[in-house]
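One structure is given here, and the rest of the page talks about it.
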Amino acid sequence: MPTELIIAYTLFLFVVLYVAITMKSVVNAMFNITWSIWPIIAWLCLTAAASTSGFLLDFSATPPRIALLIVPPFATVVYIVSRRSITPWLDAQPLTTLILPQTFRIVVEVVLWLLFLSGKLASLLTFEGRNFDVIAGIGAVAAYLYLRRTPSAAVSLIFNITGLLLLVNVTVHGIGSTPTALNIFTTVPPNTIMATWPMVWLPAFVVPSAYLLHFLSLRQTLRYRTTLSTK
């Protein structure tokens with residue numbers, strides 16, 4: 001196994017661990033529970049099993065089998081963000097709480113670049129191509145440093161909207177470069193590594209977590225701005 005690939009997988013596993021701990025902490029606090037780590041572990045085990053078995057590598061299936069692992073986490077994102085019961089927790093948090101964790105996206109971009117160097121991923125999906133998501137990770141650092149001194153709904157909105165657009169860009173290029181009916185980008189190699197372990201956890205867990213943090217932060221920010229305007 002190439003050195004770049006070993007480093008990439010090692011870094012990515014640390015990212016998954018960090019995101020899992022972050023999601024557990026956020027969900028536990030929002031819903032006043034203590035057990036959210038178990039569904040996370042179960043989902044990671046299920047997706048790992050599906051990828052290591054080769055089940056996801058059949059891209060000719062309709063719908064593509066990897067799509068079966070994307071729908072549940074995004075449905076969970078919608079469910080969590082739509083819950084009214086999380087409002088008190090959001091109101092009690094500083095704007096930085098949901099922004100700082102997005103720094104993990106810097107490491108993800110390093111991982112993707114290393115995969116490109118090892119010949120496992122096309123340059124299109126890295127910062128050498130059309131993936132500019134590293135800006136979101138760096139932006140999270142800058143926004144955190146600013147907001148911890150000067151709370152600002154405007155800065156939070158700018159970060160979250162920009163981060164979401166960057167994430168949508170990555171999502172479109174990721175899906176569009178897979179060898180499925182949705183293929184719109186011809187890449188060498190095609191984007192099949194996301195159907196293998198451990199990279200399956202990027203579309204099945206890490207990316208949905210980034211969306212969740214953005215949507216929660218946007219909801220928090222809009223309430224914060226409304227509160228300020230009524231004072």
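The values are calculated or read from the model by the stated rules, or taken from the named source; none is laboratory data. Only a predicted model underlies this, so the values are computations on that prediction, with no experimental measurement involved. Every residue, glycine among them, receives a Cβ derived from its backbone with ideal geometry; neighbour counts consider all protein chains shown. Remember, those area values only see protein heavy atoms, side chains included, never the ligands or the DNA or RNA. Shrake-Rupley method; radii C 1.70, N 1.55, O 1.52, S 1.80 Å.
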- [ ] Could you tell me which numbered condition Phe159 fails, if it satisfies all but one of (1) within 19 Å of Arg225 (Cα to Cα); (2) open to solvent by less than 70 Å² (accessible area, probe 1.4 Å); (3) without any contact (Cβ under 8 Å) to a residue 24 or more places away in the chain?
- [x] (3)
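Can you pull out the residues in the stretch 193-220 that are hydroxyl-bearing (Ser, Thr, Tyr) and either surrounded by 19 or more Cβ atoms within 10 Å (Cβ to Cβ) or touching a strand residue (DSSP E or B) at 6+ places or on another chain (Cβ under 7 Å) (or both)? Let's see the steps before the verdict.
Filtering the stretch 193-220 down to residues hydroxyl-bearing (Ser, Thr, Tyr) leaves 196, 209, 211, 217.
Selection gives Ser209, Tyr211, Ser217.
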Open item on the list: Looking at (1) closer than 18 Å to Phe104 by Cβ; (2) surrounded by fewer than 19 Cβ atoms within 10 Å (Cβ to Cβ); (3) among the charged types (D, E, K, R), which one does Asp133 not meet, given that it meets all the others?
Closed with: (2)
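Is it the case that the stretch 57-69 has a residue that's of a type in the set (Gly, Ala, Ser) and either more than 16 Å from Met194 (Cβ to Cβ) or open to solvent by 60 Å² or more (accessible area, probe 1.4 Å) (or both)?
yes
Residues of the stretch 27-56 being closer than 25 Å to Thr178 by Cα and either open to solvent by 60 Å² or more (accessible area, probe 1.4 Å) or polar (S, T, N, Q) (or both), which ones? Even if it seems obvious, please write down each step before you answer.
Initially, the stretch 27-56 is screened for residues closer than 25 Å to Thr178 by Cα, giving 43-56.
The answer is Cys45, Leu46, Thr47, Ser51, Thr52, Ser53, Phe55.
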Open item on the list: Looking only at residues that are crowded, with 20+ Cβ neighbours inside 10 Å and of a type in the set (A, V, I, L, M) in the stretch 168-192, which one is farthest from Lys24 (Cα to Cα)?
Closed with: Ile175
Task: Leu17, sole failed condition from (1) under 19 Å from the mean Cα position of the chain (by Cα); (2) free of Cβ contacts under 8 Å to residues at least 12 places away in the same chain; (3) surrounded by 13 or more Cβ atoms within 10 Å (Cβ to Cβ) - done: (3)
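Which one of these is under 24 Å from Phe215 (Cα atoms), surrounded by 18 or more Cβ atoms within 10 Å (Cβ to Cβ) and not basic (Lys, Arg): Ala143, Ala75, Ala154, Ala92? Full working, then the answer.
Details: Ala75 fails: surrounded by 18 or more Cβ atoms within 10 Å (Cβ to Cβ); Ala154 fails: surrounded by 18 or more Cβ atoms within 10 Å (Cβ to Cβ); Ala92 fails: surrounded by 18 or more Cβ atoms within 10 Å (Cβ to Cβ).
Every option except Ala143 fails the conditions.
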